[in-house]
Amino acid sequence: MDKVNCYHCGDPCGNTKVLFDDKTFCCNGCKTVYEIFTDNDLSYYYDLQQAAGTTPAEIEGKYDFLDTPAIAEKLIEFQDGNLAIIHLFIPNIHCSSCIWVLENLNKLNSAVLNSQVNFPKKTIRITYDRDALSLRDLVILLSRIGYEPYLSLEDLGKETKVRDRSLIYKLGVAGFAFGNVMFLSFPEYFDIREAQSTDFWLTEYQNFFRWLMFAFSLPVVFYAGQDYLKSAYKGLRSRMLNIDVPIALGIIALFSRSTLDIVLNNGPGFFDSLTGLIFFLLLGKFFQQKTYAFLSFERDYKSYFPIAVTRLLEGGREESVQVYEIQKGDRLLIRNQELIPVDGILISPKTHIDYSFVTGESAPVGKVSGDKIYAGGKQLSGAMEMDVLKPVSQSYLTQLWSNAAFHNSSSSGFKSLTDRIGKRFTLAVLSIAITATTYWLLTEPSLALN
(Lines give C-alpha, C1' and ligand atoms only; values in the text may rest on other atoms or scores of the structure.)
Protein backbone atom coordinates (compact mmCIF):
# COMPACT_ATOMS: atom_id res chain seq x y z
CA MET A 1 0.00 0.00 0.00
CA ASP A 2 1.45 3.39 -1.04
CA LYS A 3 2.03 5.94 1.67
CA VAL A 4 -0.15 9.02 1.22
CA ASN A 5 1.13 12.40 2.36
CA CYS A 6 -0.89 15.45 3.28
CA TYR A 7 -1.37 17.90 0.41
CA HIS A 8 -0.89 20.88 2.76
CA CYS A 9 1.89 19.97 5.21
CA GLY A 10 3.43 16.86 3.63
CA ASP A 11 3.12 14.67 6.74
CA PRO A 12 2.02 11.03 6.35
CA CYS A 13 -1.76 10.76 6.58
CA GLY A 14 -1.84 7.31 8.18
CA ASN A 15 -5.35 6.05 8.95
CA THR A 16 -6.84 9.51 9.50
CA LYS A 17 -7.10 10.66 5.90
CA VAL A 18 -9.40 13.57 5.14
CA LEU A 19 -10.51 13.87 1.52
CA PHE A 20 -11.55 17.21 0.08
CA ASP A 21 -11.51 18.67 -3.42
CA ASP A 22 -9.78 15.53 -4.78
CA LYS A 23 -6.92 16.07 -2.35
CA THR A 24 -5.83 14.20 0.79
CA PHE A 25 -5.14 15.86 4.14
CA CYS A 26 -3.82 14.48 7.41
CA CYS A 27 -6.36 16.33 9.57
CA ASN A 28 -9.24 18.77 9.44
CA GLY A 29 -6.87 21.58 10.40
CA CYS A 30 -4.87 21.24 7.18
CA LYS A 31 -8.10 20.97 5.20
CA THR A 32 -9.38 24.16 6.78
CA VAL A 33 -6.21 26.04 5.86
CA TYR A 34 -6.54 24.79 2.28
CA GLU A 35 -10.11 26.03 2.17
CA ILE A 36 -9.07 29.44 3.51
CA PHE A 37 -6.39 29.80 0.86
CA THR A 38 -8.58 28.69 -2.04
CA ASP A 39 -11.54 30.83 -0.95
CA ASN A 40 -9.32 33.92 -0.76
CA ASP A 41 -7.49 33.41 -4.05
CA LEU A 42 -4.27 32.29 -2.35
CA SER A 43 -3.96 28.84 -3.91
CA TYR A 44 -0.74 29.98 -5.63
CA TYR A 45 0.81 29.17 -2.24
CA TYR A 46 0.94 25.49 -3.28
CA ASP A 47 2.46 26.29 -6.67
CA LEU A 48 5.52 27.92 -5.11
CA GLN A 49 6.43 24.81 -3.14
CA GLN A 50 4.58 21.55 -2.60
CA ALA A 51 3.50 20.64 0.94
CA ALA A 52 4.93 23.89 2.30
CA GLY A 53 2.41 24.34 5.09
CA THR A 54 2.31 23.26 8.72
CA THR A 55 -0.49 21.70 10.70
CA PRO A 56 -2.30 24.41 12.71
CA ALA A 57 -2.21 23.94 16.48
CA GLU A 58 -5.13 23.97 18.87
CA ILE A 59 -5.74 27.57 19.94
CA GLU A 60 -9.09 27.49 21.75
CA GLY A 61 -8.85 30.11 24.51
CA LYS A 62 -5.06 30.22 24.24
CA TYR A 63 -4.81 33.89 23.30
CA ASP A 64 -7.62 35.39 25.34
CA PHE A 65 -5.02 37.34 27.32
CA LEU A 66 -4.32 39.49 24.26
CA ASP A 67 -7.67 41.20 24.86
CA THR A 68 -6.17 42.68 28.04
CA PRO A 69 -5.26 46.29 27.12
CA ALA A 70 -2.20 46.40 29.42
CA ILE A 71 -0.69 43.35 27.71
CA ALA A 72 -1.59 44.40 24.18
CA GLU A 73 -0.04 47.86 24.62
CA LYS A 74 3.28 46.34 25.70
CA LEU A 75 3.40 44.07 22.66
CA ILE A 76 2.37 46.65 20.05
CA GLU A 77 5.37 48.49 18.65
CA PHE A 78 3.49 51.58 17.42
CA GLN A 79 -0.07 52.86 17.59
CA ASP A 80 -1.69 56.05 16.44
CA GLY A 81 -5.47 56.23 16.44
CA ASN A 82 -6.73 53.08 14.78
CA LEU A 83 -3.35 52.25 13.21
CA ALA A 84 -1.09 49.72 14.95
CA ILE A 85 2.20 48.00 14.08
CA ILE A 86 3.51 44.83 15.69
CA HIS A 87 6.54 42.57 15.23
CA LEU A 88 5.93 38.84 15.70
CA PHE A 89 8.33 35.91 15.70
CA ILE A 90 7.00 32.98 13.65
CA PRO A 91 9.17 29.83 13.90
CA ASN A 92 7.33 28.04 11.05
CA ILE A 93 8.61 30.38 8.33
CA HIS A 94 10.84 28.23 6.14
CA CYS A 95 10.29 28.79 2.39
CA SER A 96 9.11 31.16 -0.34
CA SER A 97 5.51 29.96 0.04
CA CYS A 98 5.55 31.10 3.68
CA ILE A 99 6.80 34.53 2.69
CA TRP A 100 4.24 34.85 -0.08
CA VAL A 101 1.18 33.95 1.99
CA LEU A 102 2.28 36.04 5.00
CA GLU A 103 2.83 39.09 2.82
CA ASN A 104 -0.66 38.61 1.40
CA LEU A 105 -2.52 38.57 4.71
CA ASN A 106 -4.62 41.48 3.47
CA LYS A 107 -6.43 39.02 1.20
CA LEU A 108 -7.47 37.01 4.25
CA ASN A 109 -8.54 40.05 6.24
CA SER A 110 -8.86 43.55 4.80
CA ALA A 111 -8.02 45.05 8.23
CA VAL A 112 -4.40 43.97 7.65
CA LEU A 113 -2.97 46.96 5.82
CA ASN A 114 0.56 45.73 5.26
CA SER A 115 2.80 42.81 6.23
CA GLN A 116 6.53 42.37 5.67
CA VAL A 117 8.54 39.22 6.41
CA ASN A 118 12.14 39.17 7.60
CA PHE A 119 13.06 35.66 6.45
CA PRO A 120 16.51 35.29 8.17
CA LYS A 121 15.04 36.30 11.55
CA LYS A 122 11.68 34.58 10.93
CA THR A 123 9.75 37.67 11.95
CA ILE A 124 6.84 39.54 10.42
CA ARG A 125 5.97 43.23 10.76
CA ILE A 126 2.23 43.76 10.47
CA THR A 127 0.38 47.05 10.12
CA TYR A 128 -3.32 46.70 10.84
CA ASP A 129 -6.52 48.56 11.75
CA ARG A 130 -7.12 48.16 15.49
CA ASP A 131 -10.77 49.16 15.21
CA ALA A 132 -11.52 46.40 12.71
CA LEU A 133 -9.12 43.72 13.96
CA SER A 134 -7.95 43.11 17.53
CA LEU A 135 -4.49 41.78 18.35
CA ARG A 136 -6.05 38.54 19.57
CA ASP A 137 -7.93 38.04 16.29
CA LEU A 138 -4.76 38.80 14.32
CA VAL A 139 -2.79 36.14 16.20
CA ILE A 140 -5.64 33.65 15.79
CA LEU A 141 -5.70 34.39 12.04
CA LEU A 142 -2.01 33.54 11.79
CA SER A 143 -2.48 30.41 13.89
CA ARG A 144 -5.41 29.19 11.77
CA ILE A 145 -3.25 29.15 8.64
CA GLY A 146 -0.40 27.32 10.41
CA TYR A 147 1.84 30.27 11.31
CA GLU A 148 1.34 30.55 15.04
CA PRO A 149 3.53 33.31 16.50
CA TYR A 150 5.74 32.61 19.48
CA LEU A 151 4.91 34.96 22.34
CA SER A 152 6.87 34.82 25.58
CA LEU A 153 7.34 36.82 28.74
CA GLU A 154 10.50 38.28 27.23
CA ASP A 155 8.39 40.16 24.68
CA LEU A 156 6.86 42.31 27.44
CA GLY A 157 8.78 45.50 28.03
CA LYS A 158 11.66 44.48 25.80
CA GLU A 159 14.10 47.23 24.97
CA THR A 160 15.81 47.78 21.66
CA LYS A 161 19.46 46.87 22.01
CA VAL A 162 21.89 49.54 20.85
CA ARG A 163 24.37 47.91 18.52
CA ASP A 164 28.02 48.87 18.85
CA ARG A 165 29.13 49.67 15.32
CA SER A 166 32.56 50.99 16.25
CA LEU A 167 34.30 47.87 14.95
CA ILE A 168 32.53 48.20 11.59
CA TYR A 169 33.64 51.85 11.33
CA LYS A 170 37.22 50.94 12.21
CA LEU A 171 37.18 48.10 9.71
CA GLY A 172 35.92 50.48 7.02
CA VAL A 173 38.63 53.05 7.76
CA ALA A 174 41.36 50.41 7.78
CA GLY A 175 40.09 48.81 4.57
CA PHE A 176 39.87 52.15 2.75
CA ALA A 177 43.37 53.18 3.82
CA PHE A 178 44.83 49.73 3.07
CA GLY A 179 43.49 49.78 -0.49
CA ASN A 180 44.84 53.27 -1.21
CA VAL A 181 48.24 52.60 0.36
CA MET A 182 48.59 49.42 -1.70
CA PHE A 183 47.74 51.43 -4.82
CA LEU A 184 50.28 54.14 -3.97
CA SER A 185 52.94 51.52 -3.09
CA PHE A 186 52.55 49.66 -6.37
CA PRO A 187 55.38 51.48 -8.25
CA GLU A 188 57.73 50.83 -5.29
CA TYR A 189 57.42 47.07 -5.83
CA PHE A 190 59.31 47.27 -9.12
CA ASP A 191 62.71 48.54 -10.20
CA ILE A 192 61.67 51.87 -11.66
CA ARG A 193 65.03 53.62 -11.76
CA GLU A 194 65.03 53.67 -15.55
CA ALA A 195 61.41 54.85 -15.64
CA GLN A 196 62.20 57.63 -13.17
CA SER A 197 64.64 59.21 -15.61
CA THR A 198 61.90 59.61 -18.23
CA ASP A 199 58.63 59.58 -16.24
CA PHE A 200 57.86 63.05 -14.86
CA TRP A 201 55.18 61.88 -12.41
CA LEU A 202 57.32 59.21 -10.72
CA THR A 203 60.25 61.57 -10.39
CA GLU A 204 58.41 64.69 -9.35
CA TYR A 205 55.76 63.25 -7.01
CA GLN A 206 57.49 60.27 -5.42
CA ASN A 207 57.91 62.00 -2.07
CA PHE A 208 54.37 63.35 -2.21
CA PHE A 209 52.99 59.81 -2.67
CA ARG A 210 55.06 58.59 0.28
CA TRP A 211 53.75 61.36 2.53
CA LEU A 212 50.25 60.55 1.30
CA MET A 213 50.78 56.95 2.47
CA PHE A 214 51.89 58.34 5.82
CA ALA A 215 48.68 60.39 6.02
CA PHE A 216 46.54 57.34 5.24
CA SER A 217 48.31 55.37 7.98
CA LEU A 218 47.55 57.90 10.74
CA PRO A 219 43.81 57.08 11.18
CA VAL A 220 44.60 53.38 10.82
CA VAL A 221 47.13 53.39 13.66
CA PHE A 222 45.53 55.88 16.03
CA TYR A 223 41.85 55.10 15.38
CA ALA A 224 41.42 51.64 13.87
CA GLY A 225 44.31 50.10 15.83
CA GLN A 226 43.81 51.97 19.11
CA ASP A 227 42.22 48.98 20.88
CA TYR A 228 45.39 46.94 20.49
CA LEU A 229 47.57 49.78 21.77
CA LYS A 230 45.28 50.42 24.76
CA SER A 231 45.05 46.73 25.61
CA ALA A 232 48.84 46.33 25.51
CA TYR A 233 49.32 49.44 27.68
CA LYS A 234 46.80 48.26 30.27
CA GLY A 235 48.40 44.83 30.31
CA LEU A 236 51.89 46.20 30.89
CA ARG A 237 50.60 48.61 33.53
CA SER A 238 49.08 45.60 35.31
CA ARG A 239 52.36 43.70 34.86
CA MET A 240 50.73 41.19 32.56
CA LEU A 241 51.84 40.19 29.10
CA ASN A 242 48.69 39.71 27.04
CA ILE A 243 48.52 38.69 23.41
CA ASP A 244 48.09 42.31 22.28
CA VAL A 245 51.61 43.27 23.42
CA PRO A 246 53.46 41.79 20.39
CA ILE A 247 50.74 43.18 18.10
CA ALA A 248 51.16 46.67 19.58
CA LEU A 249 54.96 46.39 19.33
CA GLY A 250 54.62 45.38 15.69
CA ILE A 251 52.35 48.34 14.95
CA ILE A 252 54.67 50.81 16.72
CA ALA A 253 57.78 49.36 15.07
CA LEU A 254 56.27 49.43 11.57
CA PHE A 255 54.92 52.95 11.98
CA SER A 256 58.11 54.35 13.53
CA ARG A 257 60.44 52.74 11.00
CA SER A 258 58.27 53.74 8.03
CA THR A 259 57.98 57.34 9.24
CA LEU A 260 61.75 57.50 9.74
CA ASP A 261 62.32 56.16 6.22
CA ILE A 262 60.25 58.84 4.50
CA VAL A 263 61.60 61.65 6.75
CA LEU A 264 65.20 60.69 5.88
CA ASN A 265 64.20 59.82 2.30
CA ASN A 266 65.56 56.29 2.69
CA GLY A 267 62.59 54.58 1.06
CA PRO A 268 58.80 54.18 1.11
CA GLY A 269 58.69 52.40 4.45
CA PHE A 270 56.24 49.63 5.24
CA PHE A 271 52.92 51.45 5.35
CA ASP A 272 51.33 48.81 3.12
CA SER A 273 52.24 46.08 5.61
CA LEU A 274 51.13 48.26 8.54
CA THR A 275 47.67 49.06 7.18
CA GLY A 276 47.24 45.49 5.93
CA LEU A 277 48.16 44.07 9.35
CA ILE A 278 45.56 46.17 11.18
CA PHE A 279 42.89 45.60 8.52
CA PHE A 280 43.17 41.80 8.65
CA LEU A 281 43.35 41.82 12.47
CA LEU A 282 40.08 43.78 12.56
CA LEU A 283 38.55 41.52 9.93
CA GLY A 284 39.31 38.47 12.07
CA LYS A 285 37.89 40.25 15.12
CA PHE A 286 34.72 41.05 13.20
CA PHE A 287 34.11 37.42 12.25
CA GLN A 288 34.93 36.38 15.82
CA GLN A 289 32.20 38.70 17.12
CA LYS A 290 29.74 37.36 14.56
CA THR A 291 30.47 33.82 15.73
CA TYR A 292 30.02 34.78 19.39
CA ALA A 293 26.73 36.50 18.59
CA PHE A 294 25.48 33.39 16.80
CA LEU A 295 26.52 31.02 19.60
CA SER A 296 25.68 33.25 22.56
CA PHE A 297 23.37 31.85 25.24
CA GLU A 298 21.72 34.94 26.68
CA ARG A 299 18.19 33.67 27.10
CA ASP A 300 16.56 33.22 30.48
CA TYR A 301 13.27 31.83 31.71
CA LYS A 302 11.45 34.86 30.27
CA SER A 303 12.16 33.54 26.78
CA TYR A 304 10.08 30.44 27.46
CA PHE A 305 7.41 31.51 29.95
CA PRO A 306 4.02 32.55 28.58
CA ILE A 307 3.01 36.20 28.81
CA ALA A 308 -0.19 35.39 30.66
CA VAL A 309 -2.14 32.43 32.00
CA THR A 310 -5.76 31.72 32.81
CA ARG A 311 -6.78 32.20 36.44
CA LEU A 312 -9.98 30.54 37.66
CA LEU A 313 -12.28 32.66 39.81
CA GLU A 314 -15.28 31.78 41.92
CA GLY A 315 -18.21 30.48 39.93
CA GLY A 316 -15.94 28.97 37.27
CA ARG A 317 -15.19 32.31 35.64
CA GLU A 318 -11.88 32.71 33.83
CA GLU A 319 -9.59 35.70 33.53
CA SER A 320 -6.25 36.23 31.83
CA VAL A 321 -3.51 37.54 34.10
CA GLN A 322 0.12 38.32 33.53
CA VAL A 323 2.55 35.79 34.95
CA TYR A 324 3.98 38.32 37.41
CA GLU A 325 0.51 38.85 38.91
CA ILE A 326 0.13 35.21 39.96
CA GLN A 327 -0.02 34.87 43.75
CA LYS A 328 0.16 31.97 46.17
CA GLY A 329 -3.26 30.30 46.47
CA ASP A 330 -4.45 31.19 42.94
CA ARG A 331 -6.03 28.43 40.88
CA LEU A 332 -4.76 28.24 37.31
CA LEU A 333 -6.00 26.54 34.17
CA ILE A 334 -3.09 25.18 32.10
CA ARG A 335 -4.08 24.14 28.59
CA ASN A 336 -2.51 21.51 26.37
CA GLN A 337 1.10 22.30 25.32
CA GLU A 338 1.31 25.29 27.68
CA LEU A 339 4.32 25.76 29.97
CA ILE A 340 3.68 25.60 33.71
CA PRO A 341 4.88 29.00 35.00
CA VAL A 342 4.90 28.36 38.78
CA ASP A 343 5.25 25.58 41.33
CA GLY A 344 1.96 24.21 42.58
CA ILE A 345 -0.31 21.31 43.51
CA LEU A 346 -2.24 19.38 40.87
CA ILE A 347 -6.03 19.58 41.35
CA SER A 348 -7.15 17.63 38.26
CA PRO A 349 -7.44 13.83 38.67
CA LYS A 350 -4.36 13.05 36.58
CA THR A 351 -2.12 14.45 33.88
CA HIS A 352 1.16 13.94 32.03
CA ILE A 353 3.90 16.56 32.05
CA ASP A 354 6.97 16.90 29.85
CA TYR A 355 9.90 18.07 32.01
CA SER A 356 12.51 17.85 29.24
CA PHE A 357 13.00 21.62 29.38
CA VAL A 358 14.19 21.31 32.99
CA THR A 359 15.71 17.82 33.26
CA GLY A 360 16.51 16.89 29.66
CA GLU A 361 14.42 13.70 29.92
CA SER A 362 11.84 13.54 27.14
CA ALA A 363 9.64 10.81 28.69
CA PRO A 364 6.37 12.31 30.04
CA VAL A 365 5.93 12.14 33.81
CA GLY A 366 2.55 11.00 35.12
CA LYS A 367 1.00 13.03 37.95
CA VAL A 368 -2.19 12.52 39.98
CA SER A 369 -4.27 14.86 42.09
CA GLY A 370 -2.31 16.17 45.10
CA ASP A 371 1.13 15.74 43.54
CA LYS A 372 3.49 18.68 43.50
CA ILE A 373 4.35 19.99 40.05
CA TYR A 374 7.19 22.33 39.20
CA ALA A 375 7.53 25.30 36.87
CA GLY A 376 9.06 24.55 33.47
CA GLY A 377 7.03 21.44 32.68
CA LYS A 378 4.81 21.34 29.60
CA GLN A 379 1.24 20.12 29.95
CA LEU A 380 0.56 17.25 27.53
CA SER A 381 -2.85 15.72 28.19
CA GLY A 382 -5.57 18.31 27.68
CA ALA A 383 -6.26 21.03 30.23
CA MET A 384 -5.50 20.76 33.93
CA GLU A 385 -6.13 22.79 37.07
CA MET A 386 -3.53 23.55 39.71
CA ASP A 387 -3.16 25.59 42.90
CA VAL A 388 -0.20 27.95 43.14
CA LEU A 389 2.37 27.33 45.89
CA LYS A 390 4.90 30.04 44.95
CA PRO A 391 4.87 33.09 42.68
CA VAL A 392 6.97 32.99 39.53
CA SER A 393 9.91 34.83 41.15
CA GLN A 394 10.29 32.03 43.73
CA SER A 395 9.66 29.04 41.49
CA TYR A 396 12.17 26.24 41.00
CA LEU A 397 12.83 27.17 37.37
CA THR A 398 13.51 30.83 38.18
CA GLN A 399 16.00 29.79 40.86
CA LEU A 400 17.63 27.42 38.39
CA TRP A 401 18.08 30.22 35.84
CA SER A 402 19.49 32.46 38.57
CA ASN A 403 22.38 30.03 39.02
CA ALA A 404 25.71 31.72 38.33
CA ALA A 405 26.55 29.10 35.70
CA PHE A 406 24.01 30.68 33.36
CA HIS A 407 25.50 34.14 33.71
CA ASN A 408 29.16 33.36 33.01
CA SER A 409 30.09 34.98 29.75
CA SER A 410 31.58 32.56 27.23
CA SER A 411 33.54 35.39 25.65
CA SER A 412 35.16 36.34 28.99
CA GLY A 413 36.14 32.70 29.56
CA PHE A 414 37.63 32.54 26.10
CA LYS A 415 39.50 35.81 26.72
CA SER A 416 41.07 34.50 29.92
CA LEU A 417 42.19 31.37 28.07
CA THR A 418 43.64 33.54 25.31
CA ASP A 419 45.48 35.66 27.85
CA ARG A 420 47.03 32.58 29.48
CA ILE A 421 48.23 31.26 26.14
CA GLY A 422 49.15 34.76 24.98
CA LYS A 423 51.49 35.30 27.93
CA ARG A 424 53.65 32.33 26.91
CA PHE A 425 53.36 33.24 23.23
CA THR A 426 54.40 36.83 23.90
CA LEU A 427 57.43 35.74 25.94
CA ALA A 428 58.46 33.37 23.17
CA VAL A 429 58.07 36.01 20.43
CA LEU A 430 59.95 38.68 22.38
CA SER A 431 62.74 36.24 23.26
CA ILE A 432 63.18 35.25 19.61
CA ALA A 433 63.14 38.91 18.49
CA ILE A 434 65.70 40.02 21.09
CA THR A 435 67.97 37.04 20.33
CA ALA A 436 67.81 37.66 16.56
CA THR A 437 68.47 41.40 16.96
CA THR A 438 71.44 40.76 19.23
CA TYR A 439 72.90 38.25 16.79
CA TRP A 440 72.67 40.58 13.79
CA LEU A 441 74.02 43.55 15.78
CA LEU A 442 77.12 41.50 16.54
CA THR A 443 77.57 39.99 13.08
CA GLU A 444 76.03 42.45 10.59
CA PRO A 445 74.75 45.66 12.25
CA SER A 446 73.31 47.02 8.97
CA LEU A 447 70.82 44.15 8.85
CA ALA A 448 69.71 44.46 12.46
CA LEU A 449 67.09 47.10 11.66
CA ASN A 450 65.99 45.51 8.39
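The values are calculated or read from the model by the stated rules, or taken from the named source; none is laboratory data. A quick note: this is a predicted structure, and the numbers were derived from the prediction, not measured. Using ideal geometry, Cβ is built from the backbone for each residue, glycine included, and neighbour counts are taken over all protein chains shown.
Residues of segment 332-353 being surrounded by fewer than 16 Cβ atoms within 10 Å (Cβ to Cβ) and either of a type in the set (Lys, Arg) or touching a His at 6+ places or on another chain (Cβ under 8 Å) (or both), which ones? Result: Lys350, single match. Taken together, the criteria exclude Ser362 from residues that are part of a loop (DSSP other than H, G, I, E, B) and surrounded by 15 or more Cβ atoms within 10 Å (Cβ to Cβ). Candidates Lys390, Lys367: the one that is within 22 Å of Lys62 (Cβ to Cβ) and modelled with pLDDT of 75 or more is Lys367. The listed residues are Leu141, Leu151, and the only one of them that is over 30 Å from Ile262 (Cβ atoms), at pLDDT 85 or above and aliphatic (A, V, I, L, M) turns out to be Leu141. Taking helices (runs of 4 or more DSSP H) as the structural unit, those lying wholly within segment 163-269 and holding at least 1 residues that are modelled with pLDDT of 90 or more and outside the structural domain of Leu427 (by TED's automatic domain parsing) correspond to 166-185, 206-219, 226-237, 244-263. Pairs are defined by a Cβ separation below 7 Å, a sequence spacing of at least 6 or placement on different chains, a first member in segment 350-373 that is under 18 Å from Glu338 (Cβ atoms), and a second member that is among the acidic types (Asp, Glu) and surrounded by fewer than 16 Cβ atoms within 10 Å (Cβ to Cβ); the pairs so defined are Tyr355/Glu361.
Does any residue of segment 282-290 turn out to be modelled with pLDDT under 90 and part of a loop (DSSP other than H, G, I, E, B)? Scanning segment 282-290 turns up no residue that is modelled with pLDDT under 90 and part of a loop (DSSP other than H, G, I, E, B).
Apart from one condition, Asp131 fits all of (1) surrounded by fewer than 18 Cβ atoms within 10 Å (Cβ to Cβ); (2) in contact (Cβ under 8 Å) with a residue 12 or more places away in the chain; (3) within 23 Å of the chain's Cα centre (by Cα); (4) more than 24 Å from Gly29 (Cα to Cα); the exception is (3).
Residue under question is Ser348, and the condition is that it be over 23 Å from Glu148 (Cα atoms), within 31 Å of the chain's Cα centre (by Cα) and part of a loop (DSSP other than H, G, I, E, B); does it hold? So Ser348 fails the test.
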